[in-house]
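What follows is one structure encoded as structure tokens, with my remarks underneath.
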Amino acid sequence: MVQLKGENNFKKIERWTKICKEASEQSYRNQVPFVHDVESDLKVLQQYQSDVNLVCYENVAEKLSIKQFLQQDFKTITVVIGPEGGFTPHEIAALYSYQYYPVFH
């Protein structure tokens, strides 16, 4: 997992939040997605459960796309984006056990 410390972590979150805000304005969204702090322990993600829980993964076995999940009715969504280099199969298995579904973009 990504490990950011101190000021670097704050600056990254601030930058990602700004990107989300600008993208939301550009697409006329009513709400801006919330960017949480970078976490190094996957167990923490259990507290961020939503109606739909997805993890972006390049080696998806079932070839489920984000688009397929977004066609469902839901009020909240959590999307987990991994570190540079991607998640390990072990990490994906852990996320799946927490009911995060691997999807490709």
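The values are calculated or read from the model by the stated rules, or taken from the named source; none is laboratory data. Source: prediction; values computed, not measured. Every residue, glycine among them, receives a Cβ derived from its backbone with ideal geometry; neighbour counts consider all protein chains shown. SASA here: full protein model, heavy atoms, side chains in, ligands and nucleic acids out. Shrake-Rupley method; radii C 1.70, N 1.55, O 1.52, S 1.80 Å.
For residue 61, the conditions (1) in contact with a Cys (Cβ under 8 Å, 6 or more places away or on another chain); (2) modelled with pLDDT under 85 all hold with the exception of (1). Scanning the range 15-40 for residues that are in a loop (DSSP other than H, G, I, E, B) and not acidic (Asp, Glu) yields 27, 28, 29, 30, 31, 32, 33, 34, 35, 36, 38, 40.
Select from the range 68-78 the residues that are surrounded by 10 or more Cβ atoms within 10 Å (Cβ to Cβ) and either modelled with pLDDT under 85 or not in a strand (DSSP E or B) (or both) and list them in ascending order.
68, 69, 70, 74, 76
Checking each residue in the range 22-35 for being open to solvent by 100 Å² or more (accessible area, probe 1.4 Å) and not hydrophobic (A, V, I, L, M, F, W, C) picks out 25, 26, 28, 29, 30, 31. With respect to (1) open to solvent by 70 Å² or more (accessible area, probe 1.4 Å); (2) more than 23 Å from residue 37 (Cα to Cα); (3) among the β-branched types (Val, Ile, Thr), the lone exception for residue 81 is condition (2). Selection within the range 84-103: residues that are small (Gly, Ala, Ser) and part of a loop (DSSP other than H, G, I, E, B). The member of this set that is surrounded by the most Cβ atoms within 10 Å (Cβ to Cβ) is 86. Restricting to the range 41-67, give me the number of residues that are surrounded by 11 or more Cβ atoms within 10 Å (Cβ to Cβ) and either assigned to a loop (DSSP other than H, G, I, E, B) or polar (S, T, N, Q) (or both). Qualifying residue count, the range 41-67: 9. Quick one: residue 38 ticks every box in (1) of a type in the set (Val, Ile, Thr); (2) open to solvent by less than 60 Å² (accessible area, probe 1.4 Å); (3) at pLDDT 85 or above except a single one, so which number is it? The failed condition is (3).
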